[in-house]
Ligand code: NAP
């Protein structure tokens, strides 16, 4: 029997545990604050930030949203960042990627106060993650780690193949799973567009994680019997639905599920975990900045 790893259920359980932390912070007079900054009108980004703000509302966090026009100058965005760095009611924030081409996202990240960088993308936080002492684990990789733990799949000693080496998923995930720490201790192979014979690397793995951004890239023929398959991909493909599209992962689900011992669906797998872990990092940021101890899940 293939286990379907239910990201919605695991995310709900993380949120329940976080609620208790939010209550403890509330007892100390602290309401964790999360700000989202959107530059321009990218429809997917608008959807992402509105979901993040809805999550804040549901969890009783102080949600703040800042919108800048697509033509906003880099300096206008830097001023917003300075304001948020100085705002004591905002414990964490993110500038939604992508930003318009005339803005250098690396420079944006560099200006965010690392203590408020709940995405975990500031160079200092990236360095801390690589060094094995993370301040904030980036949300999607952390979500994957939690999903594995919730299904009692311990990466320790396992061969893990990650397809994708982006700075937001593949690389930080490889670092997390490599760490000499609980939820780590795996032997990690990271594939990308220049990797030769990806099939060989996925077939040799106990756990395959797809973060490619290509619909149904990993199929059943690339997997060995009993592999754990985590599908990070979210791709909009044209379909005869009300919205005119449907969401498809980076894994061809049917064929992969026949081989897998456990698999995440799309939607309902990694996606809800990413959102839950952003709340986690916000609560952590509030706890650190206000010096109020909480029992994070
Ligand atoms: P990305 O920045 O575009 O990176 C894609 C990676 O896949 C790159 O390393 C690229 O290699 C590699 N790749 C692309 N085509 C390939 C091919 N034909 N063969 C081998 N490797 C290939 O994407 P991302 O931001 O990491 O996102 C990956 C997927 O996850 C997307 O579908 C995205 O929507 C989804 N995502 C989901 C969540 C969630 O919460 N569920 C969060 C973030 C992202 P090179 O480095 O060589 O170019």
Next on the checklist: Can you go through 116, 201, 171 and tell me which one is within 16 Å of the ligand (Cβ to nearest atom), farther than 20 Å from residue 224 by Cβ and modelled with pLDDT of 95 or more?
Outcome noted: 171
Item to check | Flag for residue 177 being surrounded by 20 or more Cβ atoms within 10 Å (Cβ to Cβ) and more than 11 Å from the ligand (Cβ to nearest atom) | outcome: yes
Checklist entry - With respect to residue 278, is the statement that it is assigned to a helix (DSSP H, G or I) and either within 16 Å of the ligand (Cβ to nearest atom) or surrounded by fewer than 21 Cβ atoms within 10 Å (Cβ to Cβ) (or both) true? => result yes
Next on the checklist: Against the conditions (1) in contact with a helix residue (DSSP H, G or I) (Cβ under 8 Å, 6 or more places away or on another chain); (2) over 30 Å from residue 256 (Cα atoms); (3) not in a loop (DSSP other than H, G, I, E, B), where does residue 11 fall short? Just the number, please.
Outcome noted: (2)
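Out of 229, 294, 234, 208, I need the residue that is within 10 Å of the ligand (Cβ to nearest atom) and either at pLDDT 95 or above or more than 22 Å from the chain's Cα centre (by Cα) (or both). Which one?
Result: 234 is the single residue among 229, 294, 234, 208 that is within 10 Å of the ligand (Cβ to nearest atom) and either at pLDDT 95 or above or more than 22 Å from the chain's Cα centre (by Cα) (or both).
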Checklist entry - If you scan segment 131-168, which residues turn out to be away from the ligand (no atom under 14 Å from the Cβ), in contact (Cβ under 8 Å) with a residue 60 or more places away in the chain and either closer than 17 Å to residue 206 by Cβ or assigned to a helix (DSSP H, G or I) (or both)? => result 148, 150, 151, 153
Item to check | Some residue of segment 211-226 being within 28 Å of residue 118 (Cβ to Cβ) and surrounded by 20 or more Cβ atoms within 10 Å (Cβ to Cβ) | outcome: yes
Checklist entry - Quick check, is residue 190 surrounded by 23 or more Cβ atoms within 10 Å (Cβ to Cβ) and either in contact with a helix residue (DSSP H, G or I) (Cβ under 6 Å, 6 or more places away or on another chain) or outside any loop (DSSP other than H, G, I, E, B) (or both)? => result no
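The values are calculated or read from the model by the stated rules, or taken from the named source; none is laboratory data. Treat the numbers as computed from the prediction; the structure is a model and nothing was measured. FYI the Cβ positions are ideal-geometry reconstructions off the backbone, even for glycines, and counts take in every protein chain you see.
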